[in-house]
Structures are given as C-alpha cells and as structure tokens.
Amino acid sequence: MPRYYCHILNGKMLIDDVGVEVADTEAAKLEAVKYAGTILTSEHPTDMWKGIPWEIKVTDGPSPSEGRTFHTLTLTAEINAT
C-alpha cells in the first residue's frame, strides 16, 4: 500500500515524517480529516483561533517539498467578542 503524509503549515511547518499506509488518495483524505479532528480536540491552544489559517497537505513525500500534493485541507477560526 502507498504511504501518505499529512504536513501542517500554520505560519510554521510541522512535518509528518512517519505517514500512514492506506489504500488510495481517498483513504488518505479521510486520514487528514481525522488528524485535523485530533488536533482540534487536543488541549493545546493553536494559532488557528487567532485567524491564522492552517493547511494540512496530503502528499506522497516525507516533506511538503517532495512528492505530489493530493489534497489540501484549510482550517481557520476566530473568537468573536460578545
């Protein structure tokens, strides 16, 4: 099975150098969504809540500059004063 990587770009770069083996790019897309969910429900604050967009790039290379990008998931959020 092919290996896909989910790299995060959010003003800095978090490299996925392990990846995941799944059947195809559709399965890799689902892994990216699961990964985003894990990050969003973690206890660590993120820059995303300051309006800084996150991109999760699904590639077939262990670095965003290597291989092909198959999917990009973009997330952004802001806390609005009430």
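Here's a check for you: in region 30-51, which residue that is crowded, with 16+ Cβ neighbours inside 10 Å and not acidic (D, E) is farthest from P2 (Cα to Cα)? Only one residue tops the list, namely M48.
Residues of region 52-69 being open to solvent by 30 Å² or more (accessible area, probe 1.4 Å), part of a strand (DSSP E or B) and closer than 14 Å to T25 by Cα, which ones? Within region 52-69, K57, T69 qualify. Annotation for region 45-67: at least one member residue is modelled with pLDDT of 95 or more and of a type in the set (A, V, I, L, M, F, W, C).
Going through region 1-43 one residue at a time, which ones are assigned to a strand (DSSP E or B) and of a type in the set (V, I, T)? I8, V20 - these are the residues of region 1-43 that are assigned to a strand (DSSP E or B) and of a type in the set (V, I, T).
The values are calculated or read from the model by the stated rules, or taken from the named source; none is laboratory data. This structure is a prediction, so every number in the text was calculated from the model and none was measured. Positions of Cβ are backbone-derived with ideal geometry, glycine not excepted, and every protein chain shown enters the neighbour counts. For accessibility, only protein heavy atoms count, side chains too; no ligands or nucleic acids. Shrake-Rupley method; radii C 1.70, N 1.55, O 1.52, S 1.80 Å.
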